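Asker: The following block contains the structure, expressed as structure tokens.
The values are calculated or read from the model by the stated rules, or taken from the named source; none is laboratory data. Quick caveat: nothing in here was measured; it's all calculated off a predicted structure. Cβ sites come from the backbone with ideal geometry, for glycine too, and all protein chains shown count toward neighbours. Calculation scope for accessible area: heavy atoms of the full protein, side chains included, ligands and nucleic acids excluded. Shrake-Rupley method; radii C 1.70, N 1.55, O 1.52, S 1.80 Å.
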Amino acid sequence: MLDTLARPLRDARISVTDRCNFRCVYCMPKEVFGRDFAFAPREELLTFEEITRVARILTDLGVEKVRLTGGEPLLRRDLERLVAQLAAIEGLRDIALTTNGSLLTRLKSRLLADAGLRRVTISLDSLDDETFRRMNDVDSPVERVLDAIEGAADAGLGPIKLDMVVMRGLNATSVVDVARRFRNMAHIVRFIEYMDVGNTNGWHLQDVVPGREIVELIAREWPVEPVEANYFGEVASRYRYVDGAGEFGVITSVTKPFCQSCTRVRLSATGEVYTCLFAGKGRDLRSLLRNGTPDSEIRAVLANIWQKRDDRYSEIRSEATAALKKVEMSHIGG
Ligand code: SAM
Ligand code: SF4
Ligand code: SF4
């Protein structure tokens, strides 16, 4: 099944909550996501059974990989129960999780791995504790995330992808430190250009550190060379250290968009379907899931959404599009 730009449907990002215990400055700034912020009420969140039902229909339509995200997905109690339900879907080849790592204890990693989770991506914006706390803005220590990385690897959830959003003037100085720490390890650091997701993070182009500059910073320490993509639709441009110390990736959504190979659909925690991270509006599925609509009809709705899809936001991004009304990352699922 192809969209209007001939892109197949392959991956689903499923948000399980719009809440988070962090207030990362680039995602959920405190001034907006404060005490009075109205998060989705519990009854509006899809149940694990509803999520599994949508995932099953999506798999039938071509999805091979599901990634659980949020908000912070580990705030959702017993997430391993959902993983077990997803793992039972025939044809679904891969189940992954993106987390800030702060709640990923050794026990949790083991429970998730036992339930069928294959891989985990952990966000890590700096190794410097002070910078890390300034980025998450809730005083959460970096040590806890470093422990989580180790625990997840021990539970068999590796090699782990470590995602670092790079912001000029905030954590750009941590790029080389992070690269150094994970050289010679199986984990793969991916440096992400700061994006204009949503409307609350006060995004300005001058705060973006272009991928090219990130690669130059690293190459000044250790010579690097580009590596071919692993598969169609891989978002990170890969680089390897010439000395054999492994590889890293750069995700250049701003300076070198990859919409042409974007094969992702997103399901928000409250059951809306989005075909682009920068969309303004989603298609409500929750009411269909809750009013007795049969699978065949939900399948037809999803197929129709994908076949009409023409999103390529990053290719047409400008200061003007940045100001358009867009859904927040914590809602749509990053
Ligand atoms: N809370 C989990 C976490 O932080 O890993 C999962 C959800 S979070 C929205 C998913 C990813 O989106 C994180 O790696 C985060 O760094 C990234 N992200 C959030 N806002 C971003 C932005 N404005 N630009 C680039 N990446 C962003
Ligand atoms: Fe929370 Fe993840 Fe957003 Fe940070 S990036 S505020 S951890 S959802
Ligand atoms: Fe996909 Fe939209 Fe990002 Fe382009 S801007 S890569 S279509 S999510």
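Asker: Which of (1) open to solvent by 30 Å² or more (accessible area, probe 1.4 Å); (2) within 12 Å of ligand 1 (Cβ to nearest atom); (3) of a type outside the set (Lys, Arg); (4) in contact (Cβ under 8 Å) with a residue 12 or more places away in the chain does Leu162 not meet, given it meets every other one?
Answerer: All conditions are met except number (1).
Asker: Can you find, within the stretch 84-98, the residue that is nearest to ligand 1 (Cβ to nearest atom) among those that are of a type outside the set (A, V, I, L, M, F, W, C) and without any contact (Cβ under 8 Å) to a residue 40 or more places away in the chain?
Answerer: Asp94
Asker: Check Ser314 against each of (1) farther than 21 Å from Thr59 by Cα; (2) of a type in the set (Ser, Thr, Tyr); (3) away from ligand 3 (no atom under 11 Å from the Cβ); (4) within 23 Å of the chain's Cα centre (by Cα) and name the one condition it does not meet.
Answerer: Going through (1) farther than 21 Å from Thr59 by Cα; (2) of a type in the set (Ser, Thr, Tyr); (3) away from ligand 3 (no atom under 11 Å from the Cβ); (4) within 23 Å of the chain's Cα centre (by Cα) one by one, Ser314 breaks only (3).
Asker: Shifting gears a bit: Tell me, which helices (runs of 4 or more DSSP H) lie completely within the stretch 286-326 with 3 or more residues that are touching a residue at least 24 places away in the same chain (Cβ under 8 Å), under 29 Å from Gln260 (Cα atoms) and not β-branched (Val, Ile, Thr)?
Answerer: It comes to 295-307.
Asker: Arg110 - would you say it is basic (Lys, Arg) and either surrounded by 21 or more Cβ atoms within 10 Å (Cβ to Cβ) or in contact (Cβ under 8 Å) with a residue 60 or more places away in the chain (or both)? So that I can check it myself, show each step before the final result.
Answerer: Values: basic (Lys, Arg): yes; either surrounded by 21 or more Cβ atoms within 10 Å (Cβ to Cβ) or in contact (Cβ under 8 Å) with a residue 60 or more places away in the chain (or both): no.
The answer is no for Arg110.
Asker: Let me ask another. Among (1) in contact (Cβ under 8 Å) with a residue 12 or more places away in the chain; (2) open to solvent by 30 Å² or more (accessible area, probe 1.4 Å); (3) not in a loop (DSSP other than H, G, I, E, B), where does Ala179 come up short?
Answerer: Going through (1) in contact (Cβ under 8 Å) with a residue 12 or more places away in the chain; (2) open to solvent by 30 Å² or more (accessible area, probe 1.4 Å); (3) not in a loop (DSSP other than H, G, I, E, B) one by one, Ala179 breaks only (2).
Asker: OK, next. So in the stretch 188-234, with the set limited to residues that are β-branched (Val, Ile, Thr), in a loop (DSSP other than H, G, I, E, B) and touching a helix residue (DSSP H, G or I) at 6+ places or on another chain (Cβ under 8 Å), which one is surrounded by the fewest Cβ atoms within 10 Å (Cβ to Cβ)?
Answerer: Among residues in the stretch 188-234 that are β-branched (Val, Ile, Thr), in a loop (DSSP other than H, G, I, E, B) and touching a helix residue (DSSP H, G or I) at 6+ places or on another chain (Cβ under 8 Å), the one surrounded by the fewest Cβ atoms within 10 Å (Cβ to Cβ) is Val197.
Asker: Please go through the stretch 138-156 and give me each residue that is surrounded by 17 or more Cβ atoms within 10 Å (Cβ to Cβ), assigned to a loop (DSSP other than H, G, I, E, B) and within 14 Å of ligand 1 (Cβ to nearest atom), ordered by number. First the steps, then the outcome.
Answerer: We begin by selecting, within the stretch 138-156, every residue surrounded by 17 or more Cβ atoms within 10 Å (Cβ to Cβ); these are 140, 142, 145, 148-149, 151-153, 155.
Now restrict to residues that are assigned to a loop (DSSP other than H, G, I, E, B): 140, 155.
Once the filter is applied, which keeps residues that are surrounded by 17 or more Cβ atoms within 10 Å (Cβ to Cβ), assigned to a loop (DSSP other than H, G, I, E, B) and within 14 Å of ligand 1 (Cβ to nearest atom), the stretch 138-156 yields only Ser140.
Rundown of residues vs (1) open to solvent by 30 Å² or more (accessible area, probe 1.4 Å); (2) aromatic (Phe, Trp, Tyr); (3) within 14 Å of ligand 2 (Cβ to nearest atom), yes/no style:
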| site | (1), (2), (3) |
| --- | --- |
| Thr69 | no, no, yes |
| Arg76 | yes, no, yes |
| Val83 | no, no, no |
| Ala88 | yes, no, no |
| Leu92 | no, no, no |
| Leu104 | no, no, yes |
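Asker: I need the full set of residues from the stretch 284-334 which are out of contact with any Lys or Arg (no Cβ under 9 Å at 6 or more places or on another chain) and within 16 Å of ligand 2 (Cβ to nearest atom), in order please.
Answerer: Lys326, Glu328, Met329, His331, listed by residue number.
Asker: Taking the condition of being surrounded by fewer than 23 Cβ atoms within 10 Å (Cβ to Cβ) and more than 10 Å from ligand 3 (Cβ to nearest atom), how many residues in the stretch 256-270 meet it?
Answerer: Here the count works out to 2.
Asker: Can you name the residue in the stretch 268-285 that is away from ligand 1 (no atom under 16 Å from the Cβ) and in contact with a helix residue (DSSP H, G or I) (Cβ under 7 Å, 6 or more places away or on another chain) and, of all such residues, is farthest from Asp3 (Cα to Cα)?
Answerer: Gly271
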